[in-house]
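Encoded as structure tokens, the structure appears first; notes follow it.
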Amino acid sequence: MINHLHVHCEYSELDGLSTVKDLVKRAKEIGSSALAITDHGVCGAIPDFITACKEEGIKPIPGCEAYMTKNRHLKSDFHKASKAIFLEKYGIKDKAWKAFRKAVRNNPDNFMLEARELLKDYIMREDLKSMASGSEEELDLFGFGMMEEEKPLVVGFSPDDALEDFRKEFYELIKHDNFHIVLMATNQQGLEDLYEIISDAHISGFYSNPRTDLAFIRDRGLGKHIIATSACLGSYLARFALAGDLAECRSFIQECKDTFHSFYLEKQATRIPEQIRLNEIIDQLALETNTPKIVTTDVHYANKDDRDIHDILVASSMNKCIHDNDRLIYAHEFWMKSEDEIREIINDDEAIENTLRIAELVDVDLPKDPLFPKYIVDENDTAEEQLEKLAWNRLFTYTLKTPIDLEQYSQQLQYELSVINPLGFADYFLIVSDYINWAKENGFEVGPGRGSAAGSLVAFVIGITTIDPIKWDLMFERFLNPERAGYPDIDVDFSYEGARAVQEYMKQKYGDLNVAQIGTYGTLAGRSVIRAVGKALGYSAQDQDRFAKSIPETPGITLDKYINKNGKEVDGAYQISPETRMYADRYPEWWQAAKALEGHVRSAGVHAGGIVLSPKPLTNTVPLRLDKEGLTTTQYDMEWIEKFLVKFDILKLSTLDLIKKTKQNAGIMDLDLNTIDFNDPKIYEEIYNKLNLSGIFQCESDLFRGIIKDMEPSNVEDISVIVALGRPGPLDLIPSYIRRKKGQERVTYPFDSLEPVLGKTYGIWVYQEQIMKASMILGGFTTGQSDILRKAISKKNHALMEEWINYMIYGSAEKDAELIAKGKEPLNIPGAISLGYDEATLLKIKEDWIKFGDYCFNYAHSACYAVLSVMTAYLKAYYPTEFMAALMTISEGKLKDGVPRNVAYMKECEEMGISILPPDINYSNDSWTPINAQEGEEGLGKILYGLASIAGVSSKDLDVITECRPFKEFDDFLLANRTMKLNKTKTSNLIKSGSFDTISDNRNLLLRRYFEYRGEEFEHMPSKTTKKDIIAYEREMLGTNVSIRSRWDSIEDGRENITFTGYIIESKPFTAKSSGKVTGKAKIETAEDELSLVIFNKIWSKNADDFIIGRKIKVVGKRSGSDLIVDKITYMDHAEQSEEEIMNQFQVEFS
């Protein structure tokens, strides 16, 4: 028997193939009693690995193949340091240096031979210098570098000495390269120490790879509970052993023994020549230093047959094709070999036996309970006492501003505190309240609430939410069920800048290593795995695109059918899409490889808003890394983080940036939008019912526009219903709801007793809370029992749903007898029938709940989002110019259907009576600037284009421009640019965008002047600026026309019988996916525009041969988005003209 102690799974970026379950399965097959996981520089797989091992009765050995170097803080790896030293000193060409490094690394025996060839020119040059008298003239007479190598050398220089010096320098520098070392935890303390080592490597030692060093591990005492091995051919030991420096090897072995619990020399059972030689040296070193040995196979895939898929994975990870020679190619050696397969290569009893002894030294498991964060409370207070004080004080403050039923509010507050505090949740509430109130006090926008937390009065009074749950008739138990309490989950929306600031605030308050973002892992799935495998196999980009696009874009779709967690077979793309099936059958190798790699971990990411807070450094519980922005992030994903730590959701919502920017534009930063009249008729008349919905939260899509148009909302409750129903599932309920709202259909209730529950939604089940309250009224449920039913329905747990609806109808007497017999508390549900309700009607309710119940929405969430929607509508109704300027500022760069969103917003501004002004070098800010209409002026005002919205121009550029402006003449700008240092592209773009039009409106003349100033050729540039030039410049720089509207821009979408004349500048056929017919796509250039044409098969089939680049045509058609759908084509030139004549005519007319 052998235990594998050097094993990589899919979390080893680039080259790990197998899942931990596949590896554990293989280990069990070959009779192993234990298994290690040692991914490259990360520990993200450890929880899955330990769990999988425990399930199969195999002892888990958590570890990591870490990267080590001499000094992890030295931000210069071997390659860059060597380039700096050797290229400058010896004059070696970069390409030759890279080839030398590769040759020496693969075969150190050739060092002196390769070095002599590499340093040939240097040796010659130094030899010549020794012979020369010192004058340049004499040196030239020898013919630099041409002396024969065997020419006797004179005193003062020795090639052998130079080569030996070079060798010493080279191998001293090599110590700063990145090497591998395997680390394995022996116990819980060892696991924590391993996490600290790897976390520090990512946070403090990252340079090309996350690096640690032995001095750090030793000085911190982090190796006392860790077993280390010398690792693979990429190790420190291997590099110096193969170079023949056994003294350095012995020194390294001793240092490792001084650093770790124990150290083993690692032999690997492969037939790679360098590894065979290294194994022999290891045997020698083990004897000389009395160091134990182990044998491994450096597992990268579980089974021998996985090799080809592994090769595809490695090629794909390097963005290469398997047929490329310049890529990493693994020998067919790295599967999990059986003991017999290993003994065929290395028959070393001691090394094999030691893999079993190491397993005996290890005993590691996952934490059993999560670590709860602690709020920093006032002296002599507990968290519970501080929460009570804060809640009652804030309730008293609320009563001073708002008339309420104090008795009702006091009873509810006391009840909630009696649930929250005994469960140990006071710290959580205080932490969330603290960072929300800090954000508000520091000028960051925070949402009114999100999710079920809005049902808590405690959350409301301490500032977590801003909508009163009693006035809205929300349910605390929807948030926190006292009978089945899980940890609270309070999601909070912040502006983008606010979310980042809150994270930094929490780090400052609780400690850098106590707060981190939650990591995620991206996988190869759907279209992405088809593309990745197709490229690796060498298929064309066109084939990759066609095959990938055949996969339906349904969220969560798989390539082939699978069995879900409920045991149900679910169809995949192969079953759903005939086109996918066609490609899969045509390319079986591609398809099978894609299925094998589907779901494979491909990249590490960051959760949208989840962060964790720990009462002690996170490295005691989870390993950390840095994200692309340098922020601390967990290596565990959400599934495991929630088992070990408490998650806080700090979410980013751009609507809050829109609100803040609008308030800044309008000078109303002190306005508290929670105090507005949410049923103000102007909001509904001017915004919602006129479908003036751009920028209105939750209401911009075509789906919501249709609902709003039909419903004609008149209050915030209507908006809440729209938010709840505006999803594919409950759309069928909308027509009835609208008819009932308008009095066109009778409102009915299953029972009169449900009118208080269903009244505000006209007898239609819209909210989850309605089901909860109905179960309490009809069946006698407690609030906690009603939440159990709600969860069963919303999670589509049909067995649990059936059980609890039946309790509601028939009571729990039978179940209670069973519970009492087991010594458990009975449910004591009387049931609706025993309370006098009609069974037939109850069964109809059951049918409705089973059919529509999972469509019902969280009322607390829809109420919060309705409030936020009305806040945006209020700002747009009362501050339209400021709102639209803010909307275009935050929408910069965002697309909808491939078109910049701001193009549509600018058109809406014109419809609203707001003029858009082109950018102005002297007056524009970085963002879009509102200018309110003066008294007597028509319209609502103007918006000045932002300079930072010009292509290639940034906010930093505006900072330097602002310091130097105003500019009276263009030459003033050119003179100031000596200080501003705006490059050619930025300056040209400013001119083309019209930023200098108030100085000179001839943009081409300014371009000529700028090129002349730079000493560049400018005669090719016309001296006049045409309308066509301006249209082209503004489309290029601004995304659309601002100062001039082309004819195309003035045509509304959907208009028919439009005629344009122009020259064909692009033409290509494509096959329509839906019909399989060939369709034409083309572009024509008119006097003003460049138009995209779509020509369907019926017309294209008759015109394809005549569609020649440069030919003049007239087209008639319908506008559809950014395309003209062509109905008719007329050729404006002579059919008998040759293609050459057509092109000549085109070039003359457009020259």
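The values are calculated or read from the model by the stated rules, or taken from the named source; none is laboratory data. The shown structure was predicted, so the numbers you read here are calculated from the model rather than taken from an experiment. Cβ coordinates were reconstructed from backbone atoms using ideal geometry, including for glycine residues, and neighbour counts include every protein chain displayed.
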May I ask you to list the residues in segment 482-499 that are in a helix (DSSP H, G or I), touching a helix residue (DSSP H, G or I) at 6+ places or on another chain (Cβ under 8 Å) and crowded, with 18+ Cβ neighbours inside 10 Å? Gly498
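For every residue, the table says whether it meets (1) outside the structural domain of Leu887 (by TED's automatic domain parsing); (2) over 24 Å from Leu658 (Cβ atoms); (3) hydrophobic (A, V, I, L, M, F, W, C).
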| residue | (1), (2), (3) |
| --- | --- |
| Ile719 | yes, no, yes |
| Val766 | yes, yes, yes |
| Glu769 | yes, yes, no |
| Lys773 | yes, yes, no |
| Leu778 | yes, yes, yes |
Test result for Ala359, in contact (Cβ under 8 Å) with a residue 24 or more places away in the chain and either within 30 Å of Asn620 (Cα to Cα) or assigned to a strand (DSSP E or B) (or both): yes
List pairs: first in segment 662-680 and touching a residue at least 40 places away in the same chain (Cβ under 8 Å), second among the basic types (Lys, Arg) and buried (at least 17 other Cβ atoms within 10 Å of the Cβ), Cβ under 7 Å, 6+ apart or cross-chain? Met669/Lys663
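Here's the yes/no breakdown for (1) among the small types (Gly, Ala, Ser); (2) within 21 Å of Leu237 (Cα to Cα):
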site: Pro273; (1), (2): no, yes
site: Pro292; (1), (2): no, yes
site: Thr296; (1), (2): no, yes
site: Asn303; (1), (2): no, no
site: Asp308; (1), (2): no, no
site: Ala315; (1), (2): yes, no
site: Asp324; (1), (2): no, no
site: Arg357; (1), (2): no, no
Which one is surrounded by the fewest Cβ atoms within 10 Å (Cβ to Cβ), of the residues in segment 885-923 that are of a type in the set (Asp, Glu) and not in a loop (DSSP other than H, G, I, E, B)? Glu911
For a quick check of your reading of the model, give me the residue pairs whose first member lies in segment 184-196 and is within 15 Å of Lys616 (Cβ to Cβ) and of a type outside the set (Ser, Thr, Tyr), whose second is outside any strand (DSSP E or B) and modelled with pLDDT of 95 or more, with beta-carbon atoms closer than 7 Å and at least 6 apart or on different chains. Gln188/Val364; Gln189/His225; Leu191/Val364; Asp193/Leu222; Asp193/His225; Glu196/Leu222
Test Thr38 against the criterion of being of a type in the set (S, T, N, Q) and either touching a strand residue (DSSP E or B) at 6+ places or on another chain (Cβ under 8 Å) or at positive phi (or both), and give yes or no. yes
Any chance Asp959 is crowded, with 17+ Cβ neighbours inside 10 Å and acidic (Asp, Glu): no
Hey, which of the strands (runs of 3 or more DSSP E) in segment 1036-1123, taking only ones fully inside, have at least 2 residues that are in contact (Cβ under 8 Å) with a residue 12 or more places away in the chain and over 36 Å from the mean Cα position of the chain (by Cα)? 1058-1071, 1078-1085, 1112-1120
When residues of segment 171-207 are filtered for being surrounded by fewer than 22 Cβ atoms within 10 Å (Cβ to Cβ) and out of contact with any Lys or Arg (no Cβ under 9 Å at 6 or more places or on another chain), how many remain? 5
Hey, Ser262 modelled with pLDDT of 95 or more and either touching a Leu at 6+ places or on another chain (Cβ under 6 Å) or surrounded by fewer than 24 Cβ atoms within 10 Å (Cβ to Cβ) (or both) or not: yes
The one condition Thr1040 fails out of (1) modelled with pLDDT under 90; (2) surrounded by fewer than 16 Cβ atoms within 10 Å (Cβ to Cβ); (3) under 23 Å from Asp920 (Cβ atoms) is (2)
Going by the structure shown, is Ile829 touching a residue at least 40 places away in the same chain (Cβ under 8 Å) and among the β-branched types (Val, Ile, Thr)? yes
If you check every pair at least six apart or on different chains, which have Cβ atoms under 8 Å apart with a residue in segment 806-818 that is touching a residue at least 24 places away in the same chain (Cβ under 8 Å) first and a residue that is exposed (fewer than 15 other Cβ atoms within 10 Å of the Cβ) second? Ile809/Glu839; Ile809/Leu843; Gly811/Ser834
Residues that are under 40 Å from the mean Cα position of the chain (by Cα): find the helices (runs of 4 or more DSSP H) completely inside segment 737-801 holding 2 or more of those. 768-779, 783-794
Going residue by residue through segment 614-637, is there one that turns out to be farther than 25 Å from Gln508 by Cβ and surrounded by fewer than 22 Cβ atoms within 10 Å (Cβ to Cβ)? yes
Failed condition for Asp121, given (1) among the acidic types (Asp, Glu); (2) within 26 Å of Lys98 (Cβ to Cβ); (3) at pLDDT 70 or above: (3)
Selection status of Met582, in a helix (DSSP H, G or I), surrounded by fewer than 18 Cβ atoms within 10 Å (Cβ to Cβ), among the hydrophobic types (A, V, I, L, M, F, W, C) and at negative phi: yes
Tell me whether segment 729-745 contains one or more residues that are at pLDDT 95 or above, closer than 21 Å to Ser834 by Cα and not assigned by TED's automatic domain parsing to the domain that holds Glu477. no
Within segment 98-118, how many residues turn out to be among the acidic types (Asp, Glu) and modelled with pLDDT under 70? 1
Which residue out of Lys709, Lys741 is loosely packed, with under 15 Cβ neighbours inside 10 Å and among the basic types (Lys, Arg)? Lys709
Picked from segment 458-474 (must be touching a residue at least 40 places away in the same chain (Cβ under 8 Å) and buried (at least 23 other Cβ atoms within 10 Å of the Cβ)), the residue farthest from Glu416 (Cα to Cα) is Thr465
Options Pro617, Pro578: the member that is in contact with a Gly (Cβ under 9 Å, 6 or more places away or on another chain) and over 28 Å from Ser317 (Cβ atoms): Pro617
Which members of segment 201-256 meet the condition of being over 19 Å from Gly190 (Cα atoms), outside any helix (DSSP H, G or I) and of a type in the set (D, E, K, R)? Asp245
Restricting attention to segment 928-946, which residues are within 15 Å of Ser993 (Cβ to Cβ) and in a loop (DSSP other than H, G, I, E, B)? Trp928, Tyr945, Gly946
Out of all the residues in segment 363-383, is one or more part of a helix (DSSP H, G or I) and out of contact with any Cys (no Cβ under 7 Å at 6 or more places or on another chain)? yes
Restricted to segment 364-390, and to residues that are more than 22 Å from Lys616 (Cβ to Cβ) and at pLDDT 90 or above, which residue is surrounded by the fewest Cβ atoms within 10 Å (Cβ to Cβ)? Lys389
Out of Thr985, Thr1071, which single residue is in the same structural domain as Leu895 (by TED's automatic domain parsing), β-branched (Val, Ile, Thr) and loosely packed, with under 15 Cβ neighbours inside 10 Å? Thr985
